[in-house]
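Down below is the structure, laid out as structure tokens.
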Amino acid sequence: MKSEVRNSESAIRRVLVCFAVKEEAGAFRKPMADNTGVSILVTGIGQDNSRSKLLERLGEFTPAFVLTCGFAGGLDPALTSGEVVFSTDNASLRARLTMAGAKPVKFYCAPRIATTVAEKAGLRCATGADAVEMESETIQKICSERRIPCATVRVISDAANENLPLDFNQLSKSDLSLDFGKLAWAIAKSPGKIPPLLRLQKNCRRAATRLAELLAKVVAPGQSNL
């Protein structure tokens, strides 16, 4: 029975789109509700979580290609909030993403969230990267080993000249997910952080919508073949 389910899944789920958290995936789920050619995977934050979740899903089926998606912090001052950027070694995916309106960049996959302008500037200087995120290096490596085409597709949630209102690294659980108890305590101690937090939330929602619109073009029905 399990093999029959897996074979059925393989037949209809042709593209795998990965996100670290549900907030990144939400805007994309709605237009994909009736698209049986797309499988959405929420991996959790960081390379360890993304590795284990991806390997589990790849045990169920082999996708035509994988997109590792979500938010990214800007390191290049020229990148603005809401801009969709990508990186891939696959020529077909590169052409498709460029046509959809994404911009090719260099990513740095970091072990922690870059929260300040100074930290972002330091990463830019040390790595030469244009944007920073936390999951795609592992996903790209696994896909390369299995010869599955893969692209990192991210939307800038906070630009290089923007500080995040809180150090979210200090508000994380051991699995890197946000500890809402710690968040509530941090806000209680510094209520002046509420307006910038609300602005960040609004920017992230807008960025997620922009990313979803672009991804919908890339994974449109009939687009699974490279």
_What does DSSP give for the stretch 70-226 in terms of the percent of beta bridges that are antiparallel, rounded to the nearest 5?_
45
_Residues Glu60, Glu137, sorted so that the one with the fewest Cβ neighbours within 10 Å comes first_ = Glu60, Glu137
*Want the number for Leu198 to Thr116: 0.36 nm per residue separation, take away the alpha-carbon distance, what's left?*
27.8 nm
_C-alpha center-to-center spacing [the stretch 144-158, the stretch 67-88] in angstrom_ = 11
*Would you mind ranking Ser50, Ser190 by Cβ crowding within 10 Å, fewest neighbours first?*
Ser190, Ser50
*Which ³J(HN,Hα) values, rounded to whole Hz and listed in residue order, are derived for the stretch 109-119 from phi using the Karplus coefficients 6.51, -1.76 and 1.60 in 6.51 cos²θ - 1.76 cosθ + 1.60 with θ = phi - 60°, glycine and proline given as x?*
9, 9, x, 8, 6, 7, 9, 10, 4, 5, 5
_Added length on full extension, which subtracts the Cα-Cα distance from 0.36 nm per residue, Arg206 to Arg94_ = 37.9 nm
*Quick one: Cys125, Cys109, fewest Cβ neighbours within 10 Å first, how do they rank?*
Cys125, Cys109
_Shape call, the chain: gyration tensor on alpha carbons, a/c limit 1.5_ = prolate
*Find how much the distance from Lys217 to Leu55 grows on full extension, using 0.36 nm per residue of separation minus their present alpha carbon separation; answer in nm with one decimal.*
55.7 nm
*Going by a 4.7 Å Cβ-Cβ cut-off, which cysteines of the chain have no partner at all?*
Cys18, Cys69, Cys109, Cys125, Cys204
*Considering only Cα-Cα distances, which of the following residue pairs are longer than 23 Å: Lys106/Lys193; Lys30/Lys173; Lys53/Lys173; Lys22/Lys182?*
Lys106/Lys193; Lys30/Lys173
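Only the coordinates and a few stated rules stand behind these numbers; no lab work does. Given the structure is predicted, the values throughout are model-derived calculations rather than measurements. Cβ: placed from backbone, ideal geometry, glycine included. Neighbour counts: every protein chain shown.
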